[in-house]
Every structure is written in structure tokens, then in C-alpha cells.
Amino acid sequence: MELTNRQERILEIVKGEGPITGEKIADKLSLTRATLRPDLAILTMVGFLGARPRVGYYYTGKTGAEIPIEQLKTLKVKEYQSIPVVVNESDSVYDAISAMFLEDVGTLFVVNADAKLAGVLSRKDLLRASLGNQELESMPVSIIMTRMPNITVCYKEDMLIEVCKRLIEKQIDAVPVVNRGPDGGYEVVGRITKTTMTKLLVDVMNRDLPMKEETHE
Ligand code: ADP
């Protein structure tokens, strides 16, 4: 990110004299505290400065590039996965559409009678099946889903950034997080979606990684 001249000067002051209050920084620059407030907010948000009540601003030692790269590289799927929404392969297309609305997700994972991953249903899969089709209640999702073994999966120990690359390469919105069972089947234990990645970006910008306990998407 490009810093303005004023932001650079604020950083210099805090580097040399921090922790220092907003008022003192303003005095040094012969500006009002109100004028400075947006700059201090930006510098804190991107992580150049830390702020503590009754102490003031201090320099974190971070440079612009360090924050996202160093944090993103170390994050694992398990820290960000959200709860998967699954339907059975014998469920109807109508049921799947209802589940998508009720659960407010864009991708459903389909499991077989052994509760193992059998397929994936995206919004467009369901839209396509619905076009001009009156038999949605009697049509099982197994007819229209993308099926195993053509499903892109990930594991909870995988690096989140690798899964992010897979979402883009494969042009898909979601990847199931799976455990491989002794019989070779996949148990679905989570999901990583484009929404997960958007939230991650916001967390990194805010340097607020503990937001990960919340449900994502
Ligand atoms: P949409 O179809 O609504 O644009 P996606 O881009 O996620 O949503 O899906 C595109 C196609 O890829 C769909 O046919 C879907 O069934 C399939 N798909 C979605 N997720 C996966 C996945 N993890 N592995 C394999 N195929 C998938």
C-alpha cells in the first residue's frame, strides 16, 4: 500500500517516540487531532501501528507486505473451515433447493447411504435441472450432481492458501474438507468457500485472526 506523506511522517514520529498519544502526534505536526484521526485509523488498520488505551500509538515493526504474506502462509484449513451442509444422494432436487435456501449456502455436498462423499451440487447445477422441469420432487440429486471421483477435496491440515489456489484453478466456489476413512471413502467434516477467503482477507487486513471461531458464510 502507498502511504501519503503525512502518514509517513506519523510513522517516523511513532517510530522515534512511541508510545505516543494522538494529541502529541498532532502537536508535532501542527495539526488538529481530528485531521489526523483518519490517518491514524488507516495506519492501525493495516497494522503499521498498534494502539493501546491510555498508552498511545506504538510502532509494530511491520512493513506493508509482511502482514498478509507471513500470516496467510501459515494458516491451515482447520483454522478457517466452516460447517458443511450435506444432502443424501436419494434426496430430490426439490429438497436440495430447499436446503440451499434454508441453510443459506451456495454449495451442497452429497453423501451416500454410508455417509461418504458422493457428489457436489452448485447453484447452477440446481438451476439447470429446474429449467423447464416439472418433476423436481421425484428426481434424485444423484442424477445431476458432479460425482466422485471428480470432486476436488481438501484436508484440515492443508494450507489454506493452497486450497484458495485450487478454487481459482478449478473455477469452483467451494471445496469439502474431508477425512479419509479406512475403506477409502471420504467423510465430509467441513467446507472452504470463496466467502471463507473473503472473510480471511478482512481478518488479515484487521490483523484480527481470532475471528475464526465464528461460523463462516
Ligand atoms: P456454479 O455452478 O453455481 O457457478 P461452482 O462454480 O462452484 O458453482 O460449480 C461449477 C461446477 O463445478 C458445478 O457443476 C459443480 O457441481 C462443480 N463443482 C463445485 N464444487 C466442486 C468440487 N469441490 N469438486 C468438483 N466439482 C465441483
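The values are calculated or read from the model by the stated rules, or taken from the named source; none is laboratory data. Please read these numbers as outputs of a predicted model, since none were measured by experiment. Note: ideal-geometry Cβ built from the backbone for every residue, glycine included; neighbour counts use all protein chains shown. With ligands, DNA and RNA removed, areas are computed over all heavy atoms of the protein, side chains included. Shrake-Rupley method; radii C 1.70, N 1.55, O 1.52, S 1.80 Å.
As an exercise, find the ratio Rg/Rh for region 57-163 from alpha-carbon atoms, using the Kirkwood inverse-distance average for Rh. Looking at region 57-163, the ratio lands at 1.18.
Projecting the Cα atoms of G50, Q134, I13 onto the dipole axis of the chain, where Lys and Arg carry +1 and Asp and Glu carry -1 at the beta carbon, places I13 farthest toward the positive end.
For E2 and M45, the FRET efficiency from 1/(1 + (r/R0)^6), where r spans their Cβ atoms and R0 equals 22 Å, is about 0.90.
As a length-normalised measure over Cα pairs under 8 Å and 6 or more apart, the relative contact order of the chain settles at 21 percent. For a paramagnetic label modelled on V202 (point 7 Å from Cα along Cα→Cβ), amide N atoms under 20 Å away belong, within region 84-106, to 84, 103-106. For region 77-201, the fraction of 1.4 Å probe accessible surface lying on carbon and sulfur atoms is 53 percent.
Kirkwood radius, region 5-65, all distinct C-alpha pairs, inverse of mean reciprocal distance: 11.2 Å.
The alpha carbon convex hull volume per residue for the chain rounds to 156 Å³.
Take the cross-link list K78/K199; K28/K199; K24/K199; K76/K199; K116/K170; K15/K165 and give me the ones stretching past 26 Å between alpha-carbons. Write down the numbers at each step before the final one.
On the way: K78/K199 15 Å; K28/K199 37 Å; K24/K199 35 Å; K76/K199 15 Å; K116/K170 22 Å; K15/K165 37 Å.
In this structure, K28/K199; K24/K199; K15/K165 lie more than 26 Å apart at Cα.
Length available on full extension from S142 to K76: 0.36 nm per residue minus the Cα-Cα distance, which gives 20.6 nm.
Taking 0.36 nm per intervening residue step and subtracting the Cα-Cα distance, what contour gain separates D183 from T152 on full extension?
Numbers: separation 31, 0.36 × 31 = 11.16 nm, distance 1.88 nm.
Working it through step by step, the gained length comes to 9.3 nm.
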